[in-house]
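So the structure is just underneath, and the comments pick up after that.
The values are calculated or read from the model by the stated rules, or taken from the named source; none is laboratory data. As the structure is a computational prediction, the values presented were derived from the model and not from experiment. Please note: Cβ atoms are built from the backbone with ideal geometry, for glycine as well, and neighbour counts cover all protein chains shown. Just so you know, the surface numbers come from the protein's heavy atoms only, side chains and all, with ligands and any DNA or RNA stripped out. Shrake-Rupley method; radii C 1.70, N 1.55, O 1.52, S 1.80 Å.
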Amino acid sequence: MKLIVNGEALEARAATLDALLKELDYEGNWLATALNGDVVPAANRAEFRLADGDRIEILSPMQGG
Amino acid sequence: MFDLLGTKLASRLLLGTAQYPSPTILAEAVKASGTSVVTVSLRREMAGGRSGQQFWSLVNSLGVRILPNTAGCHSVKEAVTTAKMAREVFGTSWIKLEVIGNHDTLQPDVFGLVEAARILCEDGFMVFPYTTDDLVVAERLLEAGCKVLMPWCAPIGSALGPFNIMALRSMRGHFPDVPLIVDAGLGRPSHAATVMELGFDAVLLNTAVAKAADPVGMARAFSKAVDAGREAYGSGLLEPRDVAVPSTPTIGRAVFS
């Protein structure tokens with residue numbers, strides 16, 4: 001299905017958010033995710049099924065002021 | 001010790017972690033500043049988690065408390081979502097709430113700020129709002145549930161220092177029991193000392209240290225200025241006078257003619 005991940009369009013096979021992170025080779029307990037503008041806690045990623053056109057944000061800690 | 005909302009902090013200087021020449025210099029500057037709180041952010045991870053991991057490891061090694069921000073958010077929705085994501089990653093309900101209203105001045109959208117603050121306070125966050133020195137906005141933020149206020153003293157990164165002393169003084173006077181932290185606009189240690197002399201509880205700064213020729217030395221200088229300003233405030237400053245007053249006693253002065 002077609003997804004928008006961090007602003008970039010891509011084609012993915014994963015059915016859930018958890019599976020998508022694995023498919024895209026993301027790892028680490030410092031990642032935060034959102035699906036279509038709403039937070040998805042790490043514990044709930046396996047339950048969140050993806051649909052064509054979903055927008056996913058994957059964030060990590062960064063320097064800030 | 002500085003009691004900030006029930007948390008004992010060793011320093012009244014809060015330091016940002018952005019724009020340092022290297023991670024090593026950032027770590028050394030944090031140590032030299034003596035700070036107990038550093039601000040951090042969340043950004044898109046483009047390297048499978050690896051770019052975030054390095055900074056995550058560094059921050060955890062500093063041994064200080066983390067204050068995540070919502071920097072760059074221009075809407076209530078963005079700020080609230082970012083705050084929730086930060087709470088999960090950083091394991092803290094503290095959030096430096098920024099809702100930016102103007103690209104050029106980076107001044108806060110105070111209407112969106114109050115709305116986002118209300119949502120987050122109701123959700124259990126300890127909201128540190130980046131705001132202006134407007135008293136009415138400050139009152140609205142307190143009504144929304146904020147327990148601390150973080151007014152700018154000049155635009156972010158401008159290094160202009162406090163240019164509306166009257167407004168800052170007025171804020172201190174109106175909210176004697178609310179922790180007030182000057183956030184943004186400080187350029188020199190003397191700026192920090194000035195706002196601390198006005199009775200502000202702490203300062204938060206980043207660029208003035210990170211972009212100094214020697215960030216470690218500047219971190220140390222700001223630390224001393226914050227301490228000096230605080231001690232001066234507690235010691236009772238002499239008010240300016242329009243006339244000269246001799247400091248040496250005039251009684252007993254010798255007469256030679």
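Working carefully through the options B:LEU14, B:LEU26, B:LEU67, find the one that is within 12 Å of chain A (Cβ to nearest Cβ) and over 24 Å from A:ASN29 (Cβ atoms).
Exactly one residue qualifies, and that residue is B:LEU14.
For B:THR35, only one of the following conditions fails: (1) in a helix (DSSP H, G or I); (2) open to solvent by less than 40 Å² (accessible area, probe 1.4 Å). What is its number?
All conditions are met except number (1).
For the stretch B:46-64, what are the residues that are within 29 Å of A:ALA9 (Cβ to Cβ), touching a strand residue (DSSP E or B) at 6+ places or on another chain (Cβ under 7 Å) and open to solvent by less than 20 Å² (accessible area, probe 1.4 Å)?
B:GLY49, B:GLY52, B:PHE55
Would you tally the residues in the stretch B:65-89 being surrounded by fewer than 21 Cβ atoms within 10 Å (Cβ to Cβ), modelled with pLDDT of 95 or more and closer than 24 Å to B:SER22 by Cα?
Residues meeting the conditions: 2.
Looking for whichever is of a type in the set (D, E, K, R) and surrounded by 15 or more Cβ atoms within 10 Å (Cβ to Cβ) here; the options are A:ASP38, A:ASP18. Which one fits?
Going through A:ASP38, A:ASP18 in turn, the sole match is A:ASP18.
Do we find that B:LEU9 is within 14 Å of chain A (Cβ to nearest Cβ), in contact with a Phe, Trp or Tyr (Cβ under 6 Å, 6 or more places away or on another chain), open to solvent by less than 30 Å² (accessible area, probe 1.4 Å) and within 23 Å of B:ARG220 (Cα to Cα) in this structure? Spell out how you get there, then give the answer.
Numbers: within 14 Å of chain A (Cβ to nearest Cβ): no; in contact with a Phe, Trp or Tyr (Cβ under 6 Å, 6 or more places away or on another chain): yes; open to solvent by less than 30 Å² (accessible area, probe 1.4 Å): yes; within 23 Å of B:ARG220 (Cα to Cα): yes.
No, not satisfied.
Is there any pair linking a residue in the stretch B:53-69 that is within 15 Å of B:GLU88 (Cα to Cα) to one that is part of a strand (DSSP E or B) and among the charged types (D, E, K, R), with Cβ under 9 Å and at least six apart or on different chains, and which?
Hits for this filter: B:LEU67/B:LYS96; B:PRO68/B:LYS96; B:ASN69/B:LYS96.
With the checklist (1) in contact with a strand residue (DSSP E or B) (Cβ under 7 Å, 6 or more places away or on another chain); (2) of a type outside the set (A, V, I, L, M, F, W, C); (3) open to solvent by less than 20 Å² (accessible area, probe 1.4 Å); (4) farther than 28 Å from B:PHE200 by Cα in hand, flag the one item B:ARG43 doesn't pass.
All conditions are met except number (3).
Do any residues in the stretch B:74-94 that are at the interface with chain A (Cβ under 7 Å from one of its Cβ atoms) and farther than 26 Å from B:THR105 by Cβ have Cβ atoms under 9 Å from those of residues that are among the acidic types (Asp, Glu) and surrounded by 19 or more Cβ atoms within 10 Å (Cβ to Cβ), where the two are at least six apart or on different chains, and which pairs are they?
From residues that are at the interface with chain A (Cβ under 7 Å from one of its Cβ atoms) and farther than 26 Å from B:THR105 by Cβ, the pairs are B:MET85/A:GLU57.
Please determine whether any residue of the stretch B:22-29 is over 21 Å from the mean Cα position of the chain (by Cα) and either part of a loop (DSSP other than H, G, I, E, B) or of a type outside the set (Val, Ile, Thr) (or both).
Scanning the stretch B:22-29 turns up at least one residue that is over 21 Å from the mean Cα position of the chain (by Cα) and either part of a loop (DSSP other than H, G, I, E, B) or of a type outside the set (Val, Ile, Thr) (or both).
Which of the helices (runs of 4 or more DSSP H) contained wholly in the stretch B:177-236 include at least 1 residues that are over 17 Å from B:ALA138 (Cβ atoms), open to solvent by less than 10 Å² (accessible area, probe 1.4 Å) and of a type outside the set (A, V, I, L, M, F, W, C)? Before you say what the answer is, go through the steps one by one.
Details: elements: B:189-197, B:207-210, B:215-235.
Counting at least 1 such residues, we get B:215-235.
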